[in-house]
């Protein structure tokens, strides 16, 4: 924490270059990100714009229900392309980008007398952007 604060303070008046593969540190400290792949700059963006370099081709929704269901029943939700059980009643549901499928998942739960304990859209993170741009 002290090192992060030191780097942020120094960065207010000077340019500080941080070379790392630890993307959580980059997200926590940096305002501008340069990604280099095999000696070639593949991204040079403000942190807020770096995520535009990578858009998921699919939306990924994590949902937890109050009780057991089958993956085949989740496949019946409109626009769902795949489902994967993470553990017990926690699922990852993938669908094409376009219309948000969270309302459809909620309606599925209501129709099947399920309680939704959590429902979250997974966002891209810097690690995904890095892997995408460096073909990792």
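The values are calculated or read from the model by the stated rules, or taken from the named source; none is laboratory data. Bear in mind the structure is a predicted one, so any value in this text is a computation, not a measurement. Every residue, glycine as well, gets a Cβ built from its backbone with ideal geometry; the counts of neighbours run over all protein chains shown.
In table form, for the structure just shown:
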| read-out | value |
| --- | --- |
| Residue list for the stretch 18-28, restricted to those being surrounded by 10 or more Cβ atoms within 10 Å (Cβ to Cβ) and either under 19 Å from the mean Cα position of the chain (by Cα) or free of Cβ contacts under 8 Å to residues at least 12 places away in the same chain (or both) | 20, 22, 23, 24, 25, 26, 27, 28 |
| Hey, residue 68 surrounded by fewer than 10 Cβ atoms within 10 Å (Cβ to Cβ) and closer than 30 Å to residue 97 by Cα or not | yes |
| Residue 48 being closer than 20 Å to residue 131 by Cα, exposed (fewer than 12 other Cβ atoms within 10 Å of the Cβ), free of Cβ contacts under 8 Å to residues at least 12 places away in the same chain and under 18 Å from the mean Cα position of the chain (by Cα) | yes |
| Count - residues of the stretch 20-37 that are within 16 Å of residue 133 (Cβ to Cβ) and either part of a loop (DSSP other than H, G, I, E, B) or touching a strand residue (DSSP E or B) at 6+ places or on another chain (Cβ under 8 Å) (or both) | 9 |
| Whichever residue in the stretch 1-12 is surrounded by fewer than 11 Cβ atoms within 10 Å (Cβ to Cβ) and at pLDDT below 90 and, among such residues, is nearest to residue 34 (Cα to Cα) | 12 |
| Whichever residue in the stretch 103-131 is buried (at least 16 other Cβ atoms within 10 Å of the Cβ), within 12 Å of the chain's Cα centre (by Cα) and part of a helix (DSSP H, G or I) and, among such residues, is modelled with the lowest pLDDT | 128 |
| Single unsatisfied condition, residue 63 versus (1) surrounded by 14 or more Cβ atoms within 10 Å (Cβ to Cβ); (2) touching a helix residue (DSSP H, G or I) at 6+ places or on another chain (Cβ under 6 Å); (3) not assigned by TED's automatic domain parsing to the domain that holds residue 116 | (3) |
| Matching residues in the stretch 73-102 - criterion: being in a loop (DSSP other than H, G, I, E, B), over 13 Å from residue 58 (Cβ atoms) and touching a strand residue (DSSP E or B) at 6+ places or on another chain (Cβ under 7 Å) | 89 |
